[in-house]
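Some notes on the structure that comes next.
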Amino acid sequence: MLWRCIRARRQLSLISQKPVPNAGVLVFSVLRNEIARLPFFLEFYRNLGSAHFLFVDNGSDDGTAEYLAGQPDCSLWSTPASYRDARFGLDWLNWLQIRFGHGRWCLMVDADELLVFDGDDACTLPQLTESLEQIGQGGFGALMLDLYPQAALGTDTYKQGQDPREVLTHFDPGPFRQSRQEPRGNLWVQGGARERVFFADAPERSPTLNKIPLIKWRRSFAWTNSCHALLPRRLNFLYDGPGGGTPSGALLHTKFLPEIVEKAQQERQRRQHFHTPEDFDDYYRQIEEAPVLFSGASRRYDGPTQLAELGLISKRDWMVSKK
């Protein structure tokens with residue numbers, strides 16, 4: 001895995017590199033055509049205390065690269081290479097983490113993911129990682145929680161820079177199921193809204209909902225499947241899922257903004273997002289039909305404290321108090 005990452009560096013062209021601070025949490029992301037989300041994404045993670053952003057742009061044509069190149073705390077690389085062949089961008093991000101993240105706390109998120117945790121109204125990322133260090137915890141796991149609108153997909157309005165939580169107001173509180181996979185011991189959490197709506201007849205094919213997005217990185221580490229699994233094997237036990245005992249938060253998944261209907265058609269044609277893209281054509285077609293994800297079991301999202309009370313993320317009790 002590490003050798004793949006070292007080779008993949010040749011696919012990256014530096015567009016704009018800004019000074020990377022010597023301390024603080026680094027944010028890594030691969031993206032394509034995310035100009036609508038980026039202003040809020042950057043604002044959200046800046047407010048959370050991120051020190052610097054390192055992006056790989058994979059062929060955007062909507063102004064994404066130009067926008068990021070002009071940001072004072074963003075370094076940007078570009079590549080036209082296959083996202084799928086690069087293990088869905090992992091090879092590129094692994095290389096950047098080897099180059100810039102050794103010995104640092106690194107956060108890997110997509111442009112449609114917002115990390116929340118109980119207590120984040122009064123605790124920044126540096127404070128979070130300090131608490132993790134003090135209890136000997138080298139990473140922070142998260143449940144990927146799909147947010148969706150009450151109306152049919154594609155029928156609401158979203159303005160560039162708007163908080164997506166103003167449009168995507170609801171989520172499924174469950175059910176979720178989980179198991180460990182061998183030989184790596186990585187967690188596998190499934191369930192939630194996408195399974196209910198799109199994979200009811202084949203729940204075993206529904207998306208993986210567990211990630212370990214925040215980790216104190218070393219050059220000897222390697223992601224093997226997005227943020228779902230990594231090596232060495234012991235790192236997969238940094239997160240034990242909803243209701244578990246490890247410190248955890250949630251990645252609010254804002255995939256279902258109004259643009260999703262048009263993007264589904266584009267992604268079905270690009271065939272870059274799954275190991276066997278043809279198996280997911282029906283998934284994309286269902287999204288193109290603009291279904292309603294809202295149901296009688298849906299809950300209105302009211303913040304991470306609500307998620308902690310539901311047992312989906314850990315309560316703030318584990319955090320080291322500050323005097």
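Mind checking whether some residue in segment 160-182 is β-branched (V, I, T) and assigned to a strand (DSSP E or B)?
Scanning segment 160-182, I find no residue that is β-branched (V, I, T) and assigned to a strand (DSSP E or B), so the answer is no.
Restricting to segment 60-77, name every residue that is hydroxyl-bearing (S, T, Y) and either surrounded by fewer than 21 Cβ atoms within 10 Å (Cβ to Cβ) or at positive phi (or both).
Matches in segment 60-77: S60, Y67.
Out of D61, D110, report the one residue that is charged (D, E, K, R), assigned to a loop (DSSP other than H, G, I, E, B) and free of Cβ contacts under 8 Å to residues at least 60 places away in the same chain.
D61
Evaluate segment 68-75: report whether one residue or more is at pLDDT 95 or above, part of a strand (DSSP E or B) and under 25 Å from R219 (Cβ atoms).
Among the residues of segment 68-75, at least one is at pLDDT 95 or above, part of a strand (DSSP E or B) and under 25 Å from R219 (Cβ atoms), which makes the answer yes.
Would you be able to say whether some residue in segment 132-139 is touching a strand residue (DSSP E or B) at 6+ places or on another chain (Cβ under 7 Å), of a type in the set (G, A, S), in a strand (DSSP E or B) and over 17 Å from G311 (Cβ atoms)?
Checked segment 132-139: at least one residue is touching a strand residue (DSSP E or B) at 6+ places or on another chain (Cβ under 7 Å), of a type in the set (G, A, S), in a strand (DSSP E or B) and over 17 Å from G311 (Cβ atoms).
Looking at segment 8-32, which of its residues are surrounded by fewer than 18 Cβ atoms within 10 Å (Cβ to Cβ), assigned to a helix (DSSP H, G or I) and touching a residue at least 40 places away in the same chain (Cβ under 8 Å)?
Within segment 8-32, just R9 meets the criteria.
In this structure, does W217 turn out to be of a type in the set (F, W, Y), at pLDDT 95 or above and within 19 Å of F88 (Cβ to Cβ)?
Yes, satisfied.
Could you check, for segment 46-57, whether at least one of its residues is at pLDDT 95 or above, of a type outside the set (A, V, I, L, M), over 19 Å from P213 (Cβ atoms) and out of contact with any Asp or Glu (no Cβ under 7 Å at 6 or more places or on another chain)?
Yes - at least one qualifying residue is present in segment 46-57.
Of all residues in segment 208-247, which are of a type in the set (D, E, K, R), outside any loop (DSSP other than H, G, I, E, B) and surrounded by 15 or more Cβ atoms within 10 Å (Cβ to Cβ)?
K211, K216
Tally the residues that are crowded, with 18+ Cβ neighbours inside 10 Å and more than 20 Å from G243 (Cα to Cα), restricting the search to segment 149-188.
Residues in segment 149-188 being crowded, with 18+ Cβ neighbours inside 10 Å and more than 20 Å from G243 (Cα to Cα): 9 in total.
Please work out if Y158 is touching a His at 6+ places or on another chain (Cβ under 7 Å) and farther than 20 Å from S226 by Cβ.
So Y158 fails the test.
Look through G49, G59 and report the one residue that is touching a Pro at 6+ places or on another chain (Cβ under 8 Å) and over 30 Å from L132 (Cα atoms).
G59
Return the residue satisfying two criteria in turn: it lies in segment 189-207 and is without any contact (Cβ under 8 Å) to a residue 40 or more places away in the chain and not charged (D, E, K, R), and of such residues it is surrounded by the fewest Cβ atoms within 10 Å (Cβ to Cβ).
Residue satisfying both the conditions and the ranking: A200.
Based on this model, can you work out whether R219 counts as out of contact with any Phe, Trp or Tyr (no Cβ under 9 Å at 6 or more places or on another chain), on the phi < 0 side of the Ramachandran plot and of a type in the set (K, R)?
yes
I want to confirm something. Restricting to segment 33-58 and keeping residues that are in a loop (DSSP other than H, G, I, E, B) and out of contact with any Lys or Arg (no Cβ under 9 Å at 6 or more places or on another chain), which single residue is surrounded by the most Cβ atoms within 10 Å (Cβ to Cβ)?
R37
Could you check segment 115-131 and list, in sequence order, the residues that are surrounded by 16 or more Cβ atoms within 10 Å (Cβ to Cβ), in a loop (DSSP other than H, G, I, E, B) and not acidic (D, E)?
F117, G119, C123
The values are calculated or read from the model by the stated rules, or taken from the named source; none is laboratory data. Because the structure is predicted, anything quoted here is derived from the model rather than measured. Virtual Cβ from ideal backbone geometry, glycine too; neighbours counted across all protein chains shown.
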